[in-house]
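See structure below.
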Amino acid sequence: TRIESNRTLLKILLIILTFSTNCSIVAYDHSTKYINISIPEAIHLIRIQNIFVTMLWKYLTYQYGYMGAVKRFDYLIKNYLDTLNRINANVSAQHWEMVDIIVEKTTHSLAIDR
């Protein structure tokens, strides 16, 4: 089922996603080639996100009652996870397409060099 259009719900959800750790600013460490996220910053983001998730839950229960809130919250979470899964699948597919092209070009280049 689709969730009806609700601007307030969308605004709260966008704020929650803005404060998710996937959207946070990270520092790339060139010496170790790792991305560093400081623990205090991550904990601070989680606290902010928890406040807005609580606000979302209270809004949903006020607007739709407990069972309606459960159904809508379930739908929102499922939809978000499905979207992340689709994005990952697209990135993975693009990666393997690039690998295939590189392998073909390398094979072709090696065949020409012989």
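Here Val53, Val103 are placed in order of increasing Cβ neighbour count within 10 Å, fewest first, which gives Val103, Val53. Taking other residues whose beta carbon is less than 15 angstrom from the beta carbon of Lys58, and scoring Lys, Arg as +1 and Asp, Glu as -1, yields +2.
Sorting Met67, Met55 from the fewest to the most surrounding beta carbons within 10 angstrom yields Met67, Met55. With neighbours defined as other Cβ atoms within 10 Å of a residue's Cβ, the residues Thr61, Thr106 order from fewest to most as Thr106, Thr61.
Each reported figure results from applying straightforward, stated rules to the coordinates on display, with no laboratory input. Note that the structure is a prediction, hence the values are computed from the model and not measured. A quick note on method: Cβ atoms are made from the backbone with ideal geometry, for glycine too, and the neighbour counts reach across all protein chains shown.
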